[in-house]
Each structure stands twice: as structure tokens, then as C-alpha cells.
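Below: the structure, in C-alpha cells.
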Amino acid sequence: VEGLNQTSSVSEFILLGLSSRPEDQKPLFILFLIMYLVTLTGNVLIILAIRSDPQLHTPMYVFLSVLSFTDIWYTTTIVPRMLVDFLSETKTISYAGCLTQMYFIYALSTTDNCLLAAMAYDRYVAICDPFHYVTIMSHCRCVLLVAFSCSLPHLHSLLHILLLNQLTFCDSNVVHHFLCDINPLLKLSCSSIFVNDLTIKTEGLVFWVTPFLCIVFSYVRILMAVLRIPSAAGKRKAFSTCGSHFTVVILFYGSIFYVYLQPLSSYTVQDRVATLVYTVLTSMLNPFIYSLRNKDMKRGLGKLLGRRKS
């Protein structure tokens, strides 16, 4: 993000972080270092298990491996910066560094959003139209869904960064957050944020709500199909194929909508906690949710780790 806003007198921002108390910094550093290492290890194991087991070379697990890859970079955009700030006196980030971090946070979180919608569509086809699953979820269609999910979010993110770069920051440069997020920065601007706010409420809302509505539609159809299955065992099997994905969706969207579907003026410390859920916590829990609730993933991880079970 070069050639940034030169009219702003602010050359850097101060990130207040999760706590301003000195005695909290080292415990928080240790906690988030452990969470980061667990996130990296879990997601790398998911990717390797899927790559090494031919039985996992299906659309659902292809999407899951891309989701894990995205989550690795997503947390890497956020957590290392936090770790440095926990041990630093100044906790500053340059103007360019702040917008760069925000760009990747928005691009990668929106990629997660699109991938979750693609995974919901995959489960919908598998349960509601199993006889045409191979035809509908062809290799070509999977590649297109992954390409769409990984490319279009960058245009969405770039739009918000370019609009933010037009603002002027005259007075305070203290960001009441542990990362560069759009709402705390808009509160610091001394120029009009009408266009930014309108874009968030229109383009941003459409970009996030559309995949969410696709997920809701898929699960409504899945629920209707499952309720028509006569046997209890059949119902359990059908639900088990999408239980992990549904759990991740609840965590991810619940925290995101809590943060962004409220007035800018009401942005408080509770939003920092909610932001932790969809940025750090969800990325860390994804491997556990998908491996502990999924027999195929357990088998794949067992093979990868050399613990073949009969």
C-alpha cells in the first residue's frame, strides 16, 4: 500500500491492544503465542492429511484445505503483530502498515466467508441431490468456486482501503483496538466519512450477507431433506456430515454480525472480544471442530501420524 494519503498529519497509529495494564502483557503474550502455534499446527495437519489421503480428495475437503490455508495467513496477519505489541512499550504501527494489515484482514476474512458458502452448497448438493453430486460438484466447478472465493475478496478489500486512504486524521492517532479495523479508524477521522459509511452499509453488507443467505438457504433445504428421511440412523448420518461446518458458521458469523451490524458510535471494548472470536479463535478451533466431529478426518490424521487403525 504505497503512495498513501499524504494530506494526513498522522504517520503512525498507536494500538491500545487488549489491556493497558503492564502486568497483563506477558500472560497475554504467552496465551496468544500458544494459540498461534496451535492454529498453525492444526491447520497444517489438516492440509497434509487431506493431501496425503486419496479418500479425502473430494470437493468438501478441497474447500476445507483452502480454508485452513487461508486461516494460517489470516492469523499470521494479526497475531505476530499482537505478540510484538505485548512486549513493546510504544505499540505503534505505521500508517502504511496499518492499511496493509487491514487490507489482508478484510481480504482473507471475506475469503473465509465465501469458502464457508461454497462448503454449505457442497453439503446441500450431497444431501439433497446425491445422485447428481459428481456431475454438479465437478472438478471444474470446484476450481471456479475456489478461484472466485480467493480473488473477488481482494477487490472488496481494496475498495475499502482506497476509500479510507482519502480520509484525513488530524488529532488523535490512538486506535482503541488490537488491530487496524475500519470502525475504530473511522472514529478517528476528522473528515467526512459519509462515503465510507455508505459503502460499508451497501457493498460491504451485500458482500457478507449474500454468502450468509446462501448458507441459510442451503441449511433450510438440508433440514427439509433430512426430516423426510424415515430412519433415525439416516437422520444422524446426514446431520453428522454438516455438523462441523454448521458449528464454524455459528462462531464465525455470530461474532462478525455482532461487531459490524451496529452503529459506529456504539463501538466498545466488547467488540474487541467479539473480533477475537472471528479472527483468532475460529481459526484455531477449525481444525479441532472438523477433526473431532468427522470420522474421515480422524482417519486421515491417523494415517498421516502413522497411527493406522483397523
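The values are calculated or read from the model by the stated rules, or taken from the named source; none is laboratory data. Here the structure is a predicted model, which means the values were calculated and not measured. Cβ sites come from the backbone with ideal geometry, for glycine too, and all protein chains shown count toward neighbours. Accessible surface is based on the protein model in full, side chains and every heavy atom, while ligands, DNA and RNA are left aside. Shrake-Rupley method; radii C 1.70, N 1.55, O 1.52, S 1.80 Å.
In the condition set (1) among the hydrophobic types (A, V, I, L, M, F, W, C); (2) within 25 Å of H156 (Cα to Cα); (3) modelled with pLDDT under 85, L213 is compliant with all but (3). Regarding C140, is this residue more than 30 Å from Y290 (Cα to Cα) and either surrounded by fewer than 16 Cβ atoms within 10 Å (Cβ to Cβ) or of a type in the set (S, T, N, Q) (or both)? When the stated conditions are applied, C140 does not pass them. Within segment 126-153, restricting attention to residues that are of a type in the set (A, V, I, L, M) and under 24 Å from the mean Cα position of the chain (by Cα), the residue that is farthest from I229 (Cα to Cα) is L152. Residue-level analysis places V125 outside the set of residues that are of a type outside the set (D, E, K, R) and open to solvent by 50 Å² or more (accessible area, probe 1.4 Å).
Counting the residues of segment 122-178 that are in contact with a Pro (Cβ under 7 Å, 6 or more places away or on another chain) and not charged (D, E, K, R) gives 5. Name every residue in segment 6-27 that is open to solvent by less than 30 Å² (accessible area, probe 1.4 Å) and out of contact with any Asp or Glu (no Cβ under 8 Å at 6 or more places or on another chain), in order of residue number. Listed by number, the residues that qualify are S8, V10, F13, S19, Q25. From the set of residues in segment 84-100 that are touching a helix residue (DSSP H, G or I) at 6+ places or on another chain (Cβ under 6 Å) and assigned to a helix (DSSP H, G or I), which is farthest from E12 (Cα to Cα)? The qualifying residue farthest from E12 (Cα to Cα) is F86.
Among the residues of segment 179-194, some residue qualifies, meaning at least one is open to solvent by 60 Å² or more (accessible area, probe 1.4 Å) and either at pLDDT 90 or above or polar (S, T, N, Q) (or both). Of all residues in segment 39-93, those satisfying the criterion of being aliphatic (A, V, I, L, M), in contact (Cβ under 8 Å) with a residue 12 or more places away in the chain and farther than 21 Å from L115 by Cβ are M82, L83, L87, I93.
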